[in-house]
Amino acid sequence: MDPTFLMPDVYDEEYWTKGTTSNYVDYDDDRGWFASAVLLRSMLPKGARVLEVGCAYGFFVRRARVQELDCVGVDISQWAIDHAPEVARDYVQRADAAALPYDDNSFDAVVSWELLEHVPEEHVDQVLSEMERVATPEAWQVHRICLPGSDDNDVTHVTVKPKEWWYDTLGERGWHLSTDWQRRWDAAFTGRDWAGRYFVGTAT
C-alpha cells in the first residue's frame, strides 16, 4: 500500500529549498536536533531502537545515533532522502507514514517533529495506528505538532488543531501522556516556537 494523501510529489526541491509551499528556504541542520537527541537518550537505554517518522534529511537520525541510539528514519519525500548527509544515508529511506515498512513491536520509541499536521484529519488515526503497530508495548511516543498561532505559511499543514484536540484524539486511542516529560521537552526549548508543542507518552 502506498497512500497518496500525503502528496509525495509536493515535497520536492521547491518545498525544501525555495520556500514556495513551505517555511523552508535552504533547509539545513539545526542545533535543536542535538538537544532533542540528548533528551531522548535520557529516556532510553543505550542501543534502544528509535524510529523517526518524517525524518526529512535525517539530521535528527544522525544526532540520535551519536547518542548511541539505534535510530532510523523514514520520509515521504524522495528529494529529502536523496539529500541526507552521508553519515545518515544508510539509516533513512523513503516510506509512507501510513504504511511503515517495519514489523510489529520493532521500536522502543517512535518520534516525529512536525509531521502530524501534514496528515489530513480523516487519516490521522491511520498514521497513529502505524506508529503504535511498530512500537513495543512499553515504547515512548514523542511528537512535536504544529498548533494554531504558530508562524506558519506551509500549505501542506492541513490539520492544524489546538492542543486540546490532540489530547482528545490521543486519549481516545488509549495513549497515556506524561506531564513530567512534556514539561522537560518544552523546557529544553524555551525561547523557541518548539516549546509548548510536545506530546510525550505511551500508546498503551
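Assorted remarks:
- GNM result for the chain, Cα springs below 10 Å: residue of GLY191, GLY171, GLY54 fluctuating most strongly: GLY191
- Per-residue Cβ neighbour rank within 10 angstrom, fewest leading, SER129, SER112, SER36: SER129, SER112, SER36
- Each of THR190, THR136 was scored by other Cβ atoms within 10 Å of its Cβ. Listed from fewest to most, they are THR190, THR136.
- Shape category assigned to the chain from the gyration tensor of Cα positions, a/c cut at 1.5: rounded
- Remark: spin-label model distance HIS83-ASP180 equals 4.1 nm, labels positioned 7 Å along the Cα→Cβ axis.
- Using a Gaussian network model of the chain in which every pair of alpha carbons under 10 angstrom is joined by a spring, one finds that among ASP108, ASP30, ASP70 the greatest mean-square fluctuation is at ASP30.
- Dipole magnitude (debye, nearest 20) for segment 8-202, charges at Cβ of Lys, Arg, Asp, Glu: 860 debye
- Computed label-point distance, nm, for sites ARG173 and ASP90 using a 7 Å Cα→Cβ extension: 3.2 nm
Rule-based calculations on the coordinates, nothing more; no lab input. Predicted, not measured: the structure shown is a model, and the values here were computed from it. Here the Cβ is made from the backbone with ideal geometry for all residues, glycine too, and neighbour counts use every protein chain on show.
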